[in-house]
Amino acid sequence: MDVDYGVYLVTQGDLAGDRSTVDVVEAAAEHLGLVQLREKHRSARARYELGLELRAVTREHDLALVVNDR
């Protein structure tokens, strides 16, 4: 997979309003080359589960997924 670093989304759920992080990524996917899972304030379990959901979306749209460490 060639990664396009031109436009990428960094997740931060508390800024998404009433939309889920997955909804935001799906809405923007056609304009992105990469998604970065940040979510510093979530538990490790919640980040893992969100990561699984985001990986399914990014795989569907042929996007790279980068996961921040703690």
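The values are calculated or read from the model by the stated rules, or taken from the named source; none is laboratory data. Here the structure is a predicted model, which is why all the values come from computation and not from measurement. Using ideal geometry, Cβ is built from the backbone for each residue, glycine included, and neighbour counts are taken over all protein chains shown. In case anyone asks, the SASA skips ligands and DNA or RNA and just uses the protein heavy atoms, side chains included. Shrake-Rupley method; radii C 1.70, N 1.55, O 1.52, S 1.80 Å.
Is it true that some residue in the stretch 45-54 is of a type outside the set (Asp, Glu) and loosely packed, with under 11 Cβ neighbours inside 10 Å? Yes; the residues of the stretch 45-54 include at least one that is of a type outside the set (Asp, Glu) and loosely packed, with under 11 Cβ neighbours inside 10 Å.
Within the stretch 4-41, the residues that satisfy the criterion of being farther than 16 Å from Thr58 by Cβ, open to solvent by 80 Å² or more (accessible area, probe 1.4 Å) and either in a loop (DSSP other than H, G, I, E, B) or in contact (Cβ under 8 Å) with a residue 12 or more places away in the chain (or both) are Asp14, Asp18, Arg19, Lys40, His41. Pairing each residue of the stretch 53-66 that is more than 15 Å from Thr21 (Cβ to Cβ) with any residue that is open to solvent by 70 Å² or more (accessible area, probe 1.4 Å) and not charged (D, E, K, R), provided the two are 6+ apart or on different chains, yields C-beta distances under 9 Å for Asp62/Met1; Ala64/Met1; Ala64/Tyr5; Ala64/Tyr8.
With respect to the conditions (1) over 10 Å from the mean Cα position of the chain (by Cα); (2) at pLDDT 95 or above, Glu26 falls short on a single one, namely (1). Ala56 satisfies every condition listed in (1) in a loop (DSSP other than H, G, I, E, B); (2) of a type in the set (A, V, I, L, M); (3) under 12 Å from the mean Cα position of the chain (by Cα) except (1).
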